[in-house]
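Enquirer: Take a look at the following structure, please.
The values are calculated or read from the model by the stated rules, or taken from the named source; none is laboratory data. Being a predicted model, the structure only gives us computed values, none of them experimental. In this analysis, Cβ positions are derived from the backbone assuming ideal geometry, glycine residues included, and neighbour counts consider all displayed protein chains.
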Amino acid sequence: MLPSKNQVRNAGKRIAAAQDIFAANEEDVEVVDEWRKAHLTPLSSIAMWLRKPSIDATGLAPAQRLKRRSTVLDKLIQGRASDASTMQDLGGCRLIFPNVQGLQDFRNYLETKTRAAHMLQHHRDKYDYIATPKQTGYRGVHYVYGYEPSSSSNAELKGLKIEVQLRTDVQHAWATSVEIADLVLGARTKFEDGTGRYGEFFRVASELLARRHEGMTSCLPTLSDRELLAAFHREEGSHNLLDRLDRLREQGDLSKIKEHTVLAFQTDGTLEIFGYTKANRAVEKERELIDNPSCAHVVYVRASTPSAIKNSYRNYLTNPTDFVKLMREALD
């Protein structure tokens, strides 16, 4: 049985008050985790709704991702989320487009020609981070939909929120390189406001990529091209980050990827891949690995085809070659 919003809200508050996941009550953690897992059905439904237009626009079905339990708990403890019951990104679909025009055309299609099987929760431009990039350098467009069940058996799931992310190849290369750099270097760039150790490097990188590859600006629009290049060389001189990313090697047995895949990053820097044809087995494996001290990071991803997972999460599976290549071109 799905826990009530009040139960989830109160459990989340107690977890936040504990200030440490190891001090949190196990029953509270289970309540929040059951709420998280309840988003699997809405996630699958919304991904299916987007499937045909996504394939028409990108050649691939949307990839789906259930937010990791550890990330949900971390958001509560760090104060980045105040109410677990209203978190909008527990489940998410991601679509990657070759360019900005393709992305904008898809937005127009969604908003004008697709019957809304699910309810958009906000104005179309509220989470337009292409028009208004985040200070971290993140760019993309997000939509949040409320799930509308087609069957009475799923009535209790009505209104659960699923996030749909739209990115271009360039924007996706930047975003996933932030995540893999955090994994490899133990940083928290993704969760900071751009002021962390590597934050300025990725802000400058975002601006370079936006200008050179997409003819627009990002989070540093007032810098001249000369100032921007100087800023990059200063950051790269301090951290040697682009070169370090360039040296990362492909890892993991990609043949193991299936429609439901668990990616387990080990503390020794290696990657293990577990592929399943059933969601429940993947969720069970995710839970098992989360409690394994040798796992530094566990991600459960799903898509209708393995190729969709490989495309949307390619920088988890290989070295960040797209980002490095785009950056080298931007610097020429």
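Enquirer: Might you let me know whether the range 38-53 holds any residue that is assigned to a helix (DSSP H, G or I), farther than 26 Å from residue 172 by Cα, in contact with a helix residue (DSSP H, G or I) (Cβ under 9 Å, 6 or more places away or on another chain) and in contact (Cβ under 8 Å) with a residue 40 or more places away in the chain?
Expert: Scanning the range 38-53 turns up no residue that is assigned to a helix (DSSP H, G or I), farther than 26 Å from residue 172 by Cα, in contact with a helix residue (DSSP H, G or I) (Cβ under 9 Å, 6 or more places away or on another chain) and in contact (Cβ under 8 Å) with a residue 40 or more places away in the chain.
Enquirer: Which condition breaks for residue 69 when tested against (1) within 19 Å of the chain's Cα centre (by Cα); (2) closer than 27 Å to residue 168 by Cα; (3) crowded, with 18+ Cβ neighbours inside 10 Å?
Expert: Going through (1) within 19 Å of the chain's Cα centre (by Cα); (2) closer than 27 Å to residue 168 by Cα; (3) crowded, with 18+ Cβ neighbours inside 10 Å one by one, residue 69 breaks only (2).
Enquirer: Another question, then. Can you tell me which residue is surrounded by the fewest Cβ atoms within 10 Å (Cβ to Cβ) among those in the range 115-146 that are more than 29 Å from residue 197 (Cβ to Cβ) and among the aromatic types (Phe, Trp, Tyr)?
Expert: Step by step, filter the range 115-146, then rank; the result is 143.
Enquirer: Take the residues of the range 274-291 that are free of Cβ contacts under 8 Å to residues at least 24 places away in the same chain and surrounded by fewer than 19 Cβ atoms within 10 Å (Cβ to Cβ): which is farthest from residue 95 (Cα to Cα)?
Expert: My answer is 291.
Enquirer: Further, regarding this structure: Those residues that are surrounded by 13 or more Cβ atoms within 10 Å (Cβ to Cβ), in contact with an Asp or Glu (Cβ under 9 Å, 6 or more places away or on another chain) and outside any strand (DSSP E or B), I need them from the range 147-166; list them, please.
Expert: Result: 149, 159.
Enquirer: Considering only residues that are in contact with a Pro (Cβ under 6 Å, 6 or more places away or on another chain) and not in a helix (DSSP H, G or I), look in the range 204-249 and name the one that is surrounded by the most Cβ atoms within 10 Å (Cβ to Cβ).
Expert: By that ranking, first place goes to 218.
Enquirer: For the range 292-332, give me each residue that is at pLDDT 90 or above and crowded, with 16+ Cβ neighbours inside 10 Å.
Expert: Those that are at pLDDT 90 or above and crowded, with 16+ Cβ neighbours inside 10 Å: 323, 324, 326, 327, 330.
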